[in-house]
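Below is one structure, written out as structure tokens; comments come after it.
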Amino acid sequence: MPQSRFIPAGILMLAASAAGADPESCSDPTRPVMRLGRTFAEIQWHTRQPAETRVQIRQGGWPARTPGPDGRPREPWRAAGVRVAAGPPGRRTYHRIRVAGLRPGSRYLYRVYDPWAEPTGVEKTWGADRPWRREYSFSTLAPAVIEPLRPIGAGSRNTASARSHPQAARPSSESR
């Protein structure tokens, strides 16, 4: 009888982990969110007229004007937890700012400061409220893996899983 080619998933994960860790950040200088890490984002934009560099940012999943339980639009940009990050002093038309102190693996919504912009009706639907442009979103990179996963029953702390799921600890009769 031929031997099984069964490889526990934990061993595959360890091999993938050893092959290379996740990057600390990713970047694309052509995108509005030009660099993204686990705890930061670098955002860039242009304004028609010189203005201060500011970004309004909030953590969460609900876009602006999403109806609440009572059917009325929410006002997430007026809620607690909204913060404003300011760039270097002075006015300019090209803006670039690094927003730090973000939570890994979390979604954020942001609006850029542009006191000269006149939001359209559609932009207002997406959270534009002078002097802030419409909202956009991004998610920070996932947290780094602290401890690599080990196969069940190989001295790992997850042996409770092996006791509660005995089929996970040994190959099935079909794979023998």
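Table for the structure above
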read-out	value
Qualifying trypsin sites (Lys or Arg not before Pro) for segment 67-130 [loop in DSSP, other Cβ within 10 Å: at most 12]	R91
Surrounding net charge for G101, when Lys and Arg each add one and Asp and Glu each subtract one, Cβ distance under 12 Å	+4
Global form of segment 28-139, assessed from the alpha-carbon gyration tensor, a/c cut-off 1.5	oblate
11 Å beta-carbon shell around E42, net charge (K/R +1, D/E -1)	+3
Whole-Hz couplings from phi, Karplus 6.51/-1.76/1.60, listed for segment 39-51; x for Gly and Pro	10, 8, 9, 10, 10, 9, 6, 10, 10, 5, 10, x, 8
Net charge of neighbours whose Cβ lies under 12 Å from the Cβ of Q56, counting Lys and Arg as +1 and Asp and Glu as -1	+4
Taking D28, D70, D129, D22 and counting other C-beta atoms within 10 Å, the order from fewest to most	D70, D28, D22, D129
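The numbers here are math on the coordinates, done by the rules we state, and not lab data. Predicted model, so just to flag it, every value in this text is computed and none were measured. With ideal geometry, Cβ positions are generated from the backbone for all residues, glycine too; neighbour counts draw on all protein chains shown.
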